Every structure is written in structure tokens, then in C-alpha cells.
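All remarks here apply to the structure that follows.
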């Protein structure tokens, strides 16, 4: 839990430049177990990079909140963090990981491919619908298939709580009568990288 303040700083540093979505301290604490952090071998008290693997279904997970300290740029930290996320996804039996990002070349080098936002309805209806950029998303959706020949379970609108809107006295379930038109963003965006380091999942010091 001691890394939360530093994670919050790194993510919101890039969010302030419109390179990823901001995160509140509450959001960091609620999802702290999602995060991997990078620390220097010679000083593990300072987090110099972070990324999160957020499970969104039994066979899907999103890589988000990828951020690296500017002074640590250029040494492969971003790549090491994402590779750690991918390794964890494989261990958990995840079929596909994805990211919504501005740094497409970075993720392409790791094997991700660009897909239309419309192909990610679970992300749209579970997450993006609450985003201020829902109708004007400028991030790119990218996916990495982890199991050859398999795709994630098809999306069903019954898996999410779609708000009901009444029009002229007639209730209309958004999405139930018309499929998701789509948009979408997320965090994942600052991938630049430094010195000898370790990628680790921090454990609480509390007994």
C-alpha cells in the first residue's frame, strides 16, 4: 500500500498531459493488487514505473496505467512492466489482453494488433461508458492473443447493468434495443523507460 502515492503521482503526471486518463487515490487503493511496480536494484524505496493488469472477464484482462518516471526513460522499464503483466495473464489462463493507448508502436513491438473499438463491447459497456471521453475517444484499441486458436467469450449485454432511459413514457434499455455504437478509452499510455531494476508485486508489511 505504501506505493500508492507514488503510483498516483506517475499516472497523473501523464494524465495532466492528456496521455492517459487520471486516477484518483481511491481508485489506486481499490485496485492496488492490479499493479506491478519497477524499482531500481540499488534503491527499492522509490517506484520508478508502474502498470496494472485489470481482469475484466474470466478470459480477458486490460493492461492500464502504464507510466514511467521521466528520469528513468529509455532503458526498457515500460517493456519489462508490460511483459510482467502478460506473464501474469498467462499464469491466470487469460485468453486475450488488451490496451487502449496512444503509444501504438510500443505495444505493436510487443505483438499487439490494432482492432476497432466496436470489437471491444465489454470494455465499452463496463468501463468506457463512464469516461468523460466516451463520445470522443482518441485512444487506439490493441489486443494480444495469448492462446492460439481461442478467442474470449462473446459479450452479452446481460453481463452489465445498462441504464434504462424512458422516452415518451416508454422504457428503452440502452444497448438492449440497439447494439453498442461504441467509443472507448482507458489508461495505458506513457511507455518510456532506466538502470538495473526489478519488476515486482509489493506485499503489505502488515502482519
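Comparison of 133, 123 shows that the only residue that is in a helix (DSSP H, G or I) and farther than 25 Å from residue 74 by Cβ is 123.
From the list 83, 71, the lone residue that is surrounded by fewer than 17 Cβ atoms within 10 Å (Cβ to Cβ), modelled with pLDDT under 95 and assigned to a helix (DSSP H, G or I) is 71. Looking only at residues in region 116-156 that are modelled with pLDDT of 95 or more and within 16 Å of the chain's Cα centre (by Cα), the one that is surrounded by the fewest Cβ atoms within 10 Å (Cβ to Cβ) is 145. Checking the stated criteria, residue 107 turns out to be modelled with pLDDT of 85 or more, surrounded by 17 or more Cβ atoms within 10 Å (Cβ to Cβ) and not in a strand (DSSP E or B).
Scanning region 1-39 for residues that are in a strand (DSSP E or B) and touching a helix residue (DSSP H, G or I) at 6+ places or on another chain (Cβ under 8 Å) returns 35, 36, 37, 38. If only residues of region 86-104 that are surrounded by fewer than 22 Cβ atoms within 10 Å (Cβ to Cβ) and closer than 23 Å to residue 22 by Cβ are counted, the one that is modelled with the highest pLDDT is 104. When 194, 172, 182 are screened for being surrounded by 13 or more Cβ atoms within 10 Å (Cβ to Cβ), at pLDDT below 75 and outside any loop (DSSP other than H, G, I, E, B), only 172 passes.
The values are calculated or read from the model by the stated rules, or taken from the named source; none is laboratory data. Keep in mind the model is a prediction, meaning the values are calculated, not measured. For neighbour counting, all protein chains shown are included, and Cβ atoms are generated from backbone atoms with ideal geometry for every residue, glycine included.
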